[in-house]
Amino acid sequence: MDLAIRDIAQHKGKFIATVIGVGLLFAVVLSMNGIYRGFIFEGLSAIQVTNPDLWVVERYRGGPFNEQSTVPEFFHYSIEALEGVEKASPFIFYGVERIINGNRKRFTIIGYDVFGGLGGPQNLTAGRQIQQAHYEMVAHEKLGFRLGDKIPLGLHTYTVVGLFKNGTAPDGEPLVYLSLPDAQEILYLRDNEEVRNQRERLQQTLTGPGRLTPSQAKKYVSLLVPDIHTVNAQLVKLTPGADSAAVARQIENRLYFSVYSNDQQINLMMQGRLAMPRKQLLLFRIILLIVSVVIISLVIYTFTMEKIRSIAVMKLIGAPNWVVVRLVLEQALLLTTCSYVFGLGVIYNTYQYFPRLVRLTLFDDTVTFLIALAGALIASSLGIWQALKTQPALALGGH
Amino acid sequence: MTILDINGLSKTFGSGELAVHALKDINLSVSAGDLTALLGPSGSGKTTLLLCISLILEPTSGTIIFDGKPIYRNGWTDIDLRRLRREKIGFVFQTPNLIPFLTVRENILFPLELVGITGDKAEARVMELLEYMEIAHRSNYLPALISGGEQQRVSVARALANRPKLILADEPTAALDTVRGKKVMELLKKIAREHQTAVITVTHDIRMIEGFDHVYHLKDGQLNNAADAH
């Protein structure tokens, strides 16, 4: 006769209510696992989707994702001239927020060389790659755009020619790919008033005492426009068999840039921009697990205390300790397992509604379950200890 | 045949000036089929004596010979004592103390399973006891759904399940009205006579022990044998 099952069968309502309560707590634990994984996945997504052999960034900078980096656009010619480099191409990356069709949208623009350059969109789910120098875009499905949609950005309207679903910026914003000149234009587009002000400041600087006349200065001002030919990084593809470290050293020593492999770029992010939030989330997960175990422990203890007189009767009529231990332990394991399964069901049916990626993995689910089971065993020890120290005399009203 | 033989049993709680001598030099002998009543006011040591006889409380001195075996000698462990309790002693309590989440049938089945009796043999024994106690129609009820008198009969059935040599009843009528209380006592008498089971009952109520073979008075931890009914 299974006493634990009999007891639960007689207290179904209470058991179900407890399972729902503890299960929701497990759902929070599991969602935090998914949020943690999703945070890392999204944090590294742009690096992994772009996936060049080397990232060339501004000297002494850990860019372009971990910190800002600015490099001249045309240095890809110099990089391509080095031994071991098959291709180098410019890469620009920045976040924007625009009101499109009445909706506020945040996304990150990547500008790349659309004519055979590196860093373009991968694994399109619909449409095609950008084939024109201007006014075409490939967008993340999450933005809700459809093929053929006309999206106004800056001075121009861009046609959505392709869609994809893998690739977000480190802060989780969906990516939008544009040709490099379009991306630069949108990034550096300035207000007309600002352009006029800058010209006037420049003219005043040029016409100071001992410098140019106002008419001479006016001729030069139109020529001295700000340089928009800067990018955040140069992406490098190595020739087969090339020594990555040797090529990186050449670029660093000859061209005075910093160079990172994809793994180093990932490491920069993990040790830098993602480090603190990761620790924060990890700590929160640990606290949640501890809270879950404590709650299970209290529930099991309460369940046991409610049966303490029955346990005393069982011991008085000669039930061995294992009968009592099994009763408490089985209930702890059943409660934990049912709660966990309920929590798992809740999170697997809701994770897609979270605003940011919740990445659930079998590994995390299994580890959490095993920790929960171990926790239940520890938690039940309090109930077992209480049950074992119960005196059979309690059934007789004595001691 | 002697089932229980107690000689010079004493039980002292604490030591020195704080020592409480709960039982003093108790001598008691109970044979198969005997109906024995222990009377006494509160604090007289009835429960302590019952706990010693139940093999729950080890006496400070004296001997307990149960079914021919000296208890607490020759390395008796808690496991041995529990085995003896489940195989040879039945308990009836002041309140029925049924396990509330088991049905009437399961409450009687439980002690049988503890001694390894399962399946048809166990079910047959349960049915036999349910019919003997006239509660077969309540077989699948939970204890909370039957009357106090019926619960006490289930409690007696549970005590009888393993055909014990001794039934210990701790004020079995205290929670019942006079009519139901007398019925339970009649039942214990019937069991003693028909099954040759020794019955020791602790009670406050002298009206309930009519027809008992031995009546003892406990006062200040001492047993007065003079009240023997014979």
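Only the coordinates and a few stated rules stand behind these numbers; no lab work does. These figures come from a predicted structure and were not determined experimentally. Cβ: placed from backbone, ideal geometry, glycine included. Neighbour counts: every protein chain shown.
Assorted remarks:
- 0 to 90° range, to nearest 10: angle between helix B:148-160 axis and chain B longest Cα axis: 70 degrees
- Value of [θ]222 nm, deg cm²/dmol, for chain A, DSSP H segments ≥ 4, -39500 (n - 2.57) each, nearest 500: -17000 deg cm²/dmol
- Note on residue A:256/residue A:223: beta-carbon distance plugged into 1/(1 + (r/R0)^6) with R0 of 30 Å gives a FRET efficiency of 0.60.
- Relative to the compact-globule estimate of 2.2 N^0.38 Å, the Cα radius of gyration of the range A:59-256 comes out at 1.21.
- Looking at the range B:66-146, the trypsin sites (Lys or Arg not before Pro) that sit in a DSSP loop and have at most 11 other Cβ atoms within 10 Å of their own Cβ are B:73.
- Distance cut-off 43 Å, percentage of C-alpha pairs in the protein assembly as shown lying past it: 52 percent
- Counted over the range A:59-256, the DSSP beta bridges are approximately 75% antiparallel.
- Separation in nanometres of the label points that stand 7 Å from Cα toward Cβ, at residue A:20 and residue A:165: 3.3 nm
- Between the C-alpha center of the range A:123-164 and that of the range B:9-73 there is a gap of 93 Å.
- The angle between the Cα long axis of helix A:321-348 and the main principal axis of chain A comes to about 30°, on a 0 to 90 degree scale.
- Overall form of the range B:1-84 per C-alpha gyration tensor (a/c, 1.5; a/b vs b/c): oblate
- Gain upon complete extension [residue B:72, residue B:24; 0.36 nm per residue less C-alpha separation]: 15.4 nm
- Taking the C-alpha atoms only, the angle from helix A:244-255 to the longest principal axis of chain A is near 40 degrees.
- Estimated FRET transfer efficiency when R0 is 45 angstrom, pair residue A:147-residue A:367 (beta carbons, to 0.05): 0.65
- When both bridge partners sit in the protein assembly as shown, DSSP labels roughly 65% of those beta bridges antiparallel.
- Listed by chain and number, the lysines placed with their C-alpha closer than 22 angstrom to that of residue A:237 are A:87; residues fewer than eight positions away on the same chain are left out.
- FRET efficiency for residue B:220 and residue A:279, using Cβ-Cβ distance with R0 set to 56 Å, rounded to 0.05: 0.20
- Cleavage-rule hits (trypsin sites (Lys or Arg not before Pro)) in the range A:1-79: DSSP loop, at most 15 neighbouring Cβ within 10 angstrom: A:59
- Inter-label distance, nm, simple model (7 Å from Cα along the C-beta direction), residue B:177/residue A:191: 9.4 nm
- Counting neighbouring beta carbons within 10 Å and listing from fewest to most, the residues B:208, A:276, B:127 come out as A:276, B:127, B:208.
- What you get for chain A, charging only the Cβ of Lys and Arg (+1) and of Asp and Glu (-1), is a dipole of about 1160 debye around the Cα centre.
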